[in-house]
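What follows is one structure encoded as structure tokens, with my remarks underneath.
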Protein chains: 2
Amino acid sequence: MTTDRLSTIFAALADPTRRAILARLAEGDATVSELAEPFSISLPAISRHLKVLENAGLISRSRTAQWRSSSLNPEPLREATAWMERYRRFWDVNFARLDAHLRAIQQAQSATEQSPEKTQ
Amino acid sequence: MTTDRLSTIFAALADPTRRAILARLAEGDATVSELAEPFSISLPAISRHLKVLENAGLISRSRTAQWRSSSLNPEPLREATAWMERYRRFWDVNFARLDAHLRAIQQAQSATEQSPEKTQ
DNA sequence: TCGTTAATTAACCAATAGGTTATTTATAGC
DNA sequence: GCTATAAATAACCTATTGGTTAATTAACGA
């Protein structure tokens, strides 16, 4: 896997166990054992899943006594969503209609102005 | 990688080359060579990236003569976005406000009705 | 300080991913 | 039928992933 941020985020999401962990954390912080409880895999495996999520910025962790608490960090999800939004016009009818409207406006502008902004 | 659909989609998106290919296809269909042009990797490598995208349902392909044309298939992106939407309230202030409002309404309902629907 | 609990790290393994070059398949054009 | 072009497949290599068990670290509690 390459090292760019978005790839790291999507890769972290590409595992059902990790998505389940995020779903659990959406209901509140939890310790490693609490997070491991629903799964039939070993604790070290969970520990590494958490490291992947932390590495992607999707969770942050704190320690109190011998417990490590994880909490959800939504920022990367916002980023990933932002990337996908660029494609919304392809599936969202309402967005497509708005998009067509905006395009029409922009085209009307390019007829009168020079070098319109390039959108990425 | 596990075989579930969402994991396959996210895994397909977890590569910058494949995301660039999708971005290119958003501007219109293209052949394999056309898609390969901006990259410094071999054609077989591109061919396999396309197979990953096709397998995730993100593109569909057709053949005319010796050319294989790929076209963007937005449905999986809609699915992935739908999954992320569940977390929108964690980063989107406006959504959080709406969410709080809906919760308040639902709570008011549960006070008068029996066994309210469980939302997932 | 000793035993218990929580979690991580180490060492290992099999499967997958992502790249390469060489070869094969399919079609077009003459 | 031969040659050129487009693309896929085969065979191979290395690094990464996701799992395991065993060992280590850290903190508590009596």
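Every number in this text was worked out from the coordinates using simple rules, so none of it is lab data. These numbers come from a predicted model, not from an experiment. Here the Cβ positions follow ideal geometry from the backbone for every residue, glycine too, while neighbour counts run over all protein chains shown.
Which cross-chain or sequence-distant (5 or more) residues have an amide H under 5 Å from the amide H of A:Ala30, H modelled 1.01 Å from N in plane?
Long-range HN contacts for A:Ala30: A:Ser70.
Sort shortest first the distances from B:Phe95 to its counterpart in every other copy, using label points 7 Å along the Cα-to-beta-carbon line, and give them in nm.
Spelled out, the distances from B:Phe95's label point are 1.2 nm.
Under the Karplus relation 6.51 cos²θ - 1.76 cosθ + 1.60, θ = phi - 60°, what is the ordered set of whole-Hz ³J(HN,Hα) values for the stretch B:28-38, x standing for Gly and Pro?
Along the stretch B:28-38, the couplings run x, 4, 7, 7, 4, 5, 4, 5, 6, 3, x Hz.
Quick one: putting +1 on the C-beta of Lys and Arg, -1 on the C-beta of Asp and Glu, what dipole do you get for the protein assembly as shown around its Cα centre, in Debye to the nearest 20? Mind showing how you got there, number by number?
On the way: 32 positive and 28 negative charges, 70 e Å.
So the magnitude is around 340 debye.
Residue by residue, what Karplus-based ³J(HN,Hα) values in Hz, rounded to whole numbers, does the stretch B:20-27 have, using 6.51, -1.76 and 1.60 with θ = phi - 60° and x for Gly and Pro?
Karplus-based 3J(HN,Hα) across the stretch B:20-27 equals 5, 4, 4, 4, 4, 5, 5, 8 Hz.
Return the single residue from A:Thr17, A:Thr81, A:Thr64 with maximal mean-square fluctuation; model: Gaussian network over chain A, springs between Cα atoms under 10 Å.
For chain A, modelled as a Gaussian network with Cα springs under 10 Å, the answer is A:Thr64.
What are the ³J(HN,Hα) couplings of the stretch B:77-84, residue after residue, when phi is run through the Karplus curve with 6.51, -1.76, 1.60 and θ = phi - 60°? Round to Hz, x for glycine and proline.
Once θ is set to phi - 60°, the couplings for the stretch B:77-84 become 5, 4, 4, 4, 4, 4, 5, 5 Hz.
Provide an ascending nm list, one decimal, of label-point separations from B:Arg78 to the equivalent residue in each further copy; define each label point as 7 Å from Cα along Cα→Cβ.
B:Arg78 label point versus its equivalents elsewhere: 2.7 nm.
Mind running the shape call on chain B? Use the C-alpha gyration tensor, a ≥ b ≥ c as the square roots of the eigenvalues: rounded below 1.5 for a/c, prolate if a/b tops b/c, oblate otherwise.
On the way: a/c = 3.37, a/b = 2.95, b/c = 1.14.
Prolate.
Taking the Cα centroid of the stretch B:1-31 and of the stretch A:1-55, what is the distance between the two, rounded to the nearest whole Å?
Between the Cα centre of the stretch B:1-31 and that of the stretch A:1-55, the gap is 22 Å.
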